[in-house]
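The values are calculated or read from the model by the stated rules, or taken from the named source; none is laboratory data. This one's a predicted model, so the numbers in the text were calculated from it and none came from an experiment. Every residue, glycine as well, gets a Cβ built from its backbone with ideal geometry; the counts of neighbours run over all protein chains shown. Remember, those area values only see protein heavy atoms, side chains included, never the ligands or the DNA or RNA. Shrake-Rupley method; radii C 1.70, N 1.55, O 1.52, S 1.80 Å.
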Amino acid sequence: PKAIVVVPSQADFNFRGKRIASLYSVHFRHLAEKLMEELPDTMLYVISPTRAPSFPDSWPDVDRANKELATYAETHERITFVDVTAEFLDADGAPSAATFRGDGIFYSNWGYMRMSAAVLRHLEVDFPEYFQRAGLTTPPGV
């Protein structure tokens, strides 16, 4: 593949008792190193973990994981950290109800659309030939 997108799940922070940002970051680094070794021409995109409304106790760990992932990605030219934090917050800085399902855990269709748009912005920059050939561009403001 030309690109792999890694999307963290709320389970990584909340359902499996792993509420340790560093543990999540270490697991991601192991995955990234293996992928970079086995797929030397593949770009890796990691989506930032998000704050789930139902788990406010995990928000500090989510924030720490984002910092660790961003720092790690900065040191590898084939890894891009896609920060979707702002896409999932309301005007007050709390998780937006519109981007999560009613359970406050899983992403809504709108949340997935916002996340997809963020990834597409990066893919369009890194692989313009695919977007131009297909006559596609990301609409402004998406």
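Brief remarks on what is shown
- Sole residue being exposed (fewer than 14 other Cβ atoms within 10 Å of the Cβ), under 12 Å from the mean Cα position of the chain (by Cα), among the aliphatic types (A, V, I, L, M) and farther than 15 Å from VAL6 by Cα, chosen from ALA94, ALA86: ALA86
- Filter result for TYR72 (assigned to a helix (DSSP H, G or I) and in contact with an Asp or Glu (Cβ under 7 Å, 6 or more places away or on another chain)): no
- Test set (1) under 30 Å from TYR130 (Cα atoms); (2) modelled with pLDDT under 85; (3) open to solvent by 60 Å² or more (accessible area, probe 1.4 Å) - PRO1 fails condition number: (2)
- Residues in segment 112-128 that are without any contact (Cβ under 8 Å) to a residue 24 or more places away in the chain and of a type outside the set (A, V, I, L, M): TYR112, SER116, ARG121, GLU124, PRO128.
- Within segment 23-62, being among the basic types (Lys, Arg) and open to solvent by 70 Å² or more (accessible area, probe 1.4 Å) holds for ARG29, LYS34.
- When residues of segment 104-127 are limited to those that are part of a helix (DSSP H, G or I) and touching a strand residue (DSSP E or B) at 6+ places or on another chain (Cβ under 8 Å), the one surrounded by the fewest Cβ atoms within 10 Å (Cβ to Cβ): ASP126
- Among the conditions (1) over 20 Å from VAL5 (Cα atoms); (2) part of a loop (DSSP other than H, G, I, E, B), the only one that PRO40 does not satisfy is (1).
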